[in-house]
Amino acid sequence: MLKLRSPSHQEQILALAMRQIEKMLKEMQSNGKNLSRLKLKKFQKTHHIDCKCKLCEDAKIKNDPRLRGLLEDGFKVYVEGAKKSSQ
Ligand SMILES: [Zn+2]
């Protein structure tokens, strides 16, 4: 889990992570693993709707939910079709 303040720095880290992940996946593929249904999804979890922290208050004032404080920011890896109930 990455917790960094600066968005641009965070983006750099994410770009680096993506390169590492891509490399790892290519290695797996060359080892004969079937990755055709493997999916990678970026997710962000915002603070609770009633949160009173500065970021969330600010987001409320500006009426922009993207400004809300974030609890988590990361990636989820999943295999498409593994769960029939998903989405
Ligand atoms: Zn908050």
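Since every read-out is calculated from the coordinates, none of them should be taken as a lab result. What you are looking at is a predicted structure, and each value in this text was computed from that prediction instead of being measured. Cβ coordinates were reconstructed from backbone atoms using ideal geometry, including for glycine residues, and neighbour counts include every protein chain displayed.
Values computed for the structure shown
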{"item": "Whole-number D in µm²/s for the chain (Stokes-Einstein; Kirkwood sum over Cα pairs; 20 °C, 1.002 mPa s)", "result": "138 µm²/s"}
{"item": "Ellipticity estimate at 222 nm from DSSP helix runs (n ≥ 4, -39,500 (n - 2.57)) divided over the chain, nearest 500", "result": "-12500 deg cm²/dmol"}
{"item": "Degrees between helix 7-30 axis and first principal axis of the chain (Cα, 0 to 90, nearest 10)", "result": "20 degrees"}
{"item": "Dipole in debye (nearest 20) - the chain, about Cα centre, beta carbon charges: Lys, Arg +1; Asp, Glu -1", "result": "220 debye"}
{"item": "Extension gain, residue 20 back to residue 42 (0.36 nm per residue minus Cα-Cα distance, nm)", "result": "6.4 nm"}
{"item": "Signed unit charges on C-beta, dipole axis of the stretch 7-79, positive-most listed residue 12, 65, 24", "result": "24"}
{"item": "Local electrostatic count at residue 39 - Lys and Arg +1, Asp and Glu -1, tallied over other residues with Cβ under 10 Å", "result": "+2"}
